[in-house]
Structures are given as structure tokens and as C-alpha cells.
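Below: one structure, written as C-alpha cells.
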Amino acid sequence: NDTQISNHEKFKYLSFIRAAISFSKAKSNIDALVLDNRKAILPGLFVMKKVNPRMVILDCRELYFINEVHTIQGKLGCLLEKYLIPKADVVICANRERASIMSEEYRLRRKPLVFENIRKLTCSNNFDSAVLKEKYKEIINGDSFNIISTAGCNLTQATDVLVKNIGRVERDVRLLLVGNCDSKDEKVIRKIIKNKNLTNVYILGKVAQDELKYLLSLSDIGIVSYSQEGRNNKYCASGKVFEYINEGLPIVTTTNPPLKNLCDTESIGIADDTFADGINRILANYDYYKEKVIAFAKNRTVENNNDNLARNIEDIIQSNDAKKIGLN
């Protein structure tokens, strides 16, 4: 049950803190202390107290602020971030919008480095296309365009709006809903499907990565939808975008600023909170958006993303070293 899971997580976290303290006692010096997200800050502070690291690197995967969280643990995490972020030598976040917000919120002298959530799906050795081809033969056959959303039936990600408006699309399409389906949310989606007499919506549930990659290969447009409640959601750093892009799919997104900025500047999709208008615009000029997506994917690779972060960190190291010996 939830209590057992919570207690287990607490035990693991306390064990992590004890391991960090033991580690710091065994070390006389550390070149770089890397703290991976907010849960690493508390044990990181114990390490910093015992060993003075040459550099502290803090990776902020989320964008939470104390007035936007409601749990004691969440507020404690925000306080720890507020304390450490201005002291860290390198702060990393997931997009430019977050970097600007954090710079202003914490009055940083140096803007956080941006490490985008770029990822691509790969197939395992167990991938069997023949099995999946048989399983999804209904989706493969015919001339319909396939629209895929990996938000499942999640109502907080506007799946209900998407399903309600899919009938407004001016071409013959199928809507594939892939991902976890909460029973209450799924009930709402199935009611919409029934009331609107929709025969082109498929609730496929959660699938393995091989299967997801295969479904993306059958699809023509990817849906990226996020809530705009709270800055962590509003300024989302979506990995879904890059999963779609690396499969060659134009995207239709909600109008969260990072998603809208990406669509507007790169022409890889349309930001539209109704979804239908965006889908219609892409289908009306599909080859154009497809070409833009392919060109974008060539430049925004996992390797380039990693290399860019490494170069930026090296620049900061060199700058810090120069200041210590009085060259700057």
C-alpha cells in the first residue's frame, strides 16, 4: 500500500544519506561534487561539510517554488534549492525559459546551463516486428493518418480536449492513446468516445519501449500536451518532443511557452490548445513540416547535447581556475 511504499522510500533515502556521509569520511578531497536533482542536496551538504569540493554542480530537473508546492517534503526541497543554487559553481536546467526564471528568482550572477531533455527510443534484441505487425494490423491498413499521444487517458494533460476535438480534423485520421490510463480518467475518455460516436480512437494503454517505437513508426503526427498549472508544468521540458522528432513526426502541442517557442522558431509543428486546428494545418502542408523535423533532428542529437554541456562546464572550470590564480 501507499504507506508501505512511502516508508520504504524514506528508508532508502536515509540509507543514501548515511552512504554519502560514509563516503565523505573516506575522502580527503573531491574535484567535483555532482548533485543530481533536489533529493541529492541534503546528503550533498553533509559531503560539502566534510570535504571542500573544488566544484559543486547541481542539476535541477524540476522547477518547483515554495508557494507552488503543498507538501512539507516539497517545501523543504524548495528551501534546500534556494540555499544551494546561488552557491553552486554550475547549475543545470532543462530549457532556456527555466534558465531565465531561475536567474531572476535566485539572482544568479551566471545563468544556468541548459541541458535539453533530448532522447531517442531504441529497440532491444527481443524486438519482433512480425508480432507487432499482426497485433496492429487494423492500424496499419487503410489510408488514414495516425495521430499518437503518449499521455494515455491523462485528463491533466488535456486528453479529453484532444478526444472531443478529433472529430473536427478535416482528414481521415486515427487517434492512438498510448500510456498509463488511470481508471477514472479512462472512464471519462470512453464516455466521450461513446457520446460522440467516435470509431477512430484507440486506447492502447502502456506498452514496452520496443512497441512504442513501432507505434511511432506507424504514426504521422505526435501530440505533446502539458498542464499550465504551476511553473514546473507551464515551462515544461518535454522529452516526448524529441522522441517524436527522432522518429520524424511533426508535433502538435499545447501552448506552454517552451513548446510554443519551439514550434514557432523551428517550424516543426503547431502549438494549439484545441489540437484540431493544429492537426489540420500540419496535414494541409505535411511535406513542409516533415522536412523541417528531419533537419531539426540532425542538429539536436543526444551526442551534440552532451558535448555542448561538457564544453560549457569546461569553460566554467577554466574561468574559476583563472580567477583563483589572479588572471581575471
**OP:** Could you state the angle between the C-alpha long axis of helix 183-195 and the longest principal axis of the C-alpha atoms of the chain, as a value from 0 to 90 degrees rounded to the nearest 10?
**Re:** 30 degrees
Original post:
Hey, what do the phi angles of the range 116-128 turn into as Karplus ³J(HN,Hα) couplings, whole Hz, using 6.51/-1.76/1.60 and θ = phi - 60°, x for Gly and Pro?
Top reply: 5, 7, 7, 8, 9, 7, 10, 9, 7, 5, 8, 4, 10
Subject >> Amide hydrogen neighbours beyond the local backbone of ASN146, cut-off 5 Å, H modeled >> reply: ARG174, ASP220, ILE221
Original post:
If you average the sequence gap of Cα pairs under 8 Å that are 6 or more apart and divide by the length of the chain, what percent do you get for the contact order?
Top reply: 14 percent
Original post:
Order of 172-183, 92-103 by packing, highest average Cβ count within 10 Å first?
Top reply: 92-103, 172-183
**OP:** With an 8 Å cut-off on Cα pairs and a minimum separation of 6 or more residues, tell me the relative contact order of the range 166-244 in percent.
**Re:** 28 percent
Original post:
For the pair LYS25 and ASN52, how long in nm is the line joining their label points, each one 7 Å along Cα→Cβ?
Top reply: 2.3 nm
Original post:
What is the percent of Cα-Cα separations in the range 179-218 that go past 15 Å?
Top reply: 50 percent
**OP:** Could you state the orientation-averaged shadow area of the convex hull built on the Cα atoms of the chain, in nm² to one decimal?
**Re:** 20.3 nm²
**OP:** Over the alpha-carbon set of the range 168-322, divide Rg by the Kirkwood Rh and report the Rg/Rh ratio to two decimals.
**Re:** 1.04
Original post:
How large is the convex hull of the Cα atoms of the range 200-263 per residue, expressed in Å³ as a whole number?
Top reply: 108 Å³
**OP:** Straight distance only, please: which aspartates and glutamates reach the Cα of LYS191 with their own Cα at less than 13 Å, same-chain residues fewer than 8 apart left out?
**Re:** ASP160
Original post:
Which percent of Cα-Cα pairs in the range 16-148 sits in each 10 Å bin, short to long?
Top reply: 10, 30, 23, 14, 14, 8, 1
Subject >> For ALA271, distant residues with modelled amide H under 5 Å away >> reply: THR253
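No lab work stands behind these numbers, since they all come straight from the coordinates. Not measured: the values here are computed from a predicted model. Every residue, glycine among them, receives a Cβ derived from its backbone with ideal geometry; neighbour counts consider all protein chains shown.
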